[in-house]
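Worksheet: one structure, shown below.
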Amino acid sequence: MKKREEFYWLNGGMNTIVSPYRWCFLGSGYYAREVLEELYYSNFNPDLVVTTPDKPAGRGRKATPNPVKDFVLNTGISLMEIKKINDPSTYEIIKAKNFDFFVVCDFGKILKEPFLRIAKFPTLNIHPSLLPRYRGPAPIERALMDGVNMTGVTIIEMTMEVDAGPIVLCEVIPVTEDDTKGTLLEKLSKPVPEMLRKVFYGYLNNNVFPKPQSGMPTYAPKISKEELFISWHEPAIKIFNQVRALSPVPGARTYLEGELVKIFKVKISNPAFSLLPGKIKVSDSSLFVGAGDGILEIIELQPASKRIMLARDFVAGRKVDGKFFGSKEVLR
């Protein structure tokens, strides 16, 4: 049980707070789920969650709910699945619900003009970066890949230009070398309930003063399939940052004798030996691999169709010493 869930039940559970306003939450991705969990366990539920329909996933291409729907189904919060968010009929259905606030977070769809004024107050967006840095769909991954030591959460009023609206409120979050995508998802969601309450009451009391974004914008494009694979000729620090930016989902990848292997945790090492990029050395049950300018120790990984395991368990059942990891599939 997560700490936020334990706290929730220790305090009686269920949303017992009567809200003076009505609001709608739009989201579909992992960050949206983390934010919604924080809201739920803070007794700050939206009146409606709007998300995208199930999509085929996995080897069997079975229809699978997105992270937001997967969570909401067990909460009792009203849920609406929308395939075409900008369809006029969708707009009319949601408009008729007379929301005071309309909040978008990691939704994966671009809203057009009518939705920017669908509620009583301006449509808001919760973005996991310090805007204008890392505008776009992958701000958490890109920040980790860049090795930043600071990021944050920004709430903006939405405009037609993606992630470019005026800033209503932001909060700085430190980033450590131990942070991964998974830990940052949690850290960047924790301040949202308090931030959103402050913003809502600010609008209700006519005490919100949005400011234009300042500074040079940077963009955080979606992670491509090619970027999932490790190039062992890259510097060790770049590979280290790539692995933590993709952990635990979707996981950095490499190949070993034609077998796909996901890498979830590594650390930069300085052993008393050198290795060519991609070459593996097993020493005292530890798994080392050469990089472009140094050596990495692999801590956690997952062979194809197997569970995630520690490197020492991986090497215990395999003769991999002296072999090579590759960024492309090579047959045995």
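If the segment from Asp178 to Met150 were pulled out straight at 0.36 nm per residue, it would be longer than the present Cα-Cα gap by 8.8 nm. Any idea what angle helix 236-245 forms with the longest principal axis of the chain, computed on alpha-carbon atoms, 0 to 90 degrees, nearest 10? Rounded to the nearest ten degrees, it is 40. Using a ≥ b ≥ c from the Cα gyration tensor of the range 3-204 (square roots of the eigenvalues), is it rounded, prolate or oblate, where a/c under 1.5 gives rounded and otherwise the larger of a/b and b/c decides, a/b for prolate? Rounded shape, in that the Cα axes give a/c under 1.5. Its DSSP H runs of at least 4 residues, each contributing -39,500 (n - 2.57), put the calculated 222 nm mean residue ellipticity of the chain at -6500 deg cm²/dmol, to the nearest 500.
With both labels modelled 7 Å from their Cα along Cα-to-Cβ, the His233 to Tyr21 distance reads 5.4 nm. Beyond 19 Å in Cα-Cα separation lie the following of the pairs Lys83/Lys225; Lys97/Lys120; Lys95/Lys120: Lys83/Lys225.
Seen against the Cα atoms of the chain and their longest principal axis, helix 30-41 is set at about 50 degrees. Look at the alpha carbon pairs under 8 Å that are at least 6 residues apart: their mean separation over the length of the range 226-326 gives a relative contact order of 29 percent. State, as an integer percentage, the relative contact order of the range 3-204 based on alpha-carbon contacts under 8 Å between residues 6 or more apart. It comes to 19 percent, rounded to a whole number. Around the amide H of Phe229, modelled in the peptide plane, lie the amide H atoms of Arg253, all under 5 Å away and 5 or more residues distant in sequence or on another chain.
For Asn205 and Ala272, what does the FRET efficiency come to when R0 = 51 Å and r is the distance between their Cβ atoms, rounded to the nearest 0.05?
Efficiency computed from Cβ-Cβ geometry: 0.20.
With θ taken as phi - 60° and the Karplus curve 6.51 cos²θ - 1.76 cosθ + 1.60 applied, the whole-hertz 3J(HN,Hα) list for the range 193-205 is x, 5, 4, 5, 4, 4, 5, 4, 5, x, 5, 4, 9 Hz, x standing for glycine and proline. With a ≥ b ≥ c taken as the square roots of the eigenvalues of the C-alpha gyration tensor of the range 226-326, please select rounded if a/c is under 1.5 and otherwise prolate if a/b is larger than b/c or oblate if it is not? Judged from the Cα gyration tensor, the range 226-326 comes out rounded (a/c under 1.5).
If you wrap the range 213-285's Cα atoms in a convex hull and average its projection over all directions, what's the area in nm²?
Numbers: hull surface 29.2 nm².
One quarter of the hull surface, i.e. the mean projection, equals 7.3 nm².
The label point for Ala57 and the one for Glu186, both projected 7 Å from the Cα toward the Cβ, are 2.0 nm apart.
What the Cβ-Cβ distance of Lys112 and Glu257 gives, at R0 = 41 Å and to the nearest 0.05, is a FRET efficiency of 0.25.
Values in this text are rule-based calculations from the coordinates and carry no lab data. Treat the numbers as computed from the prediction; the structure is a model and nothing was measured. Virtual Cβ from ideal backbone geometry, glycine too; neighbours counted across all protein chains shown.
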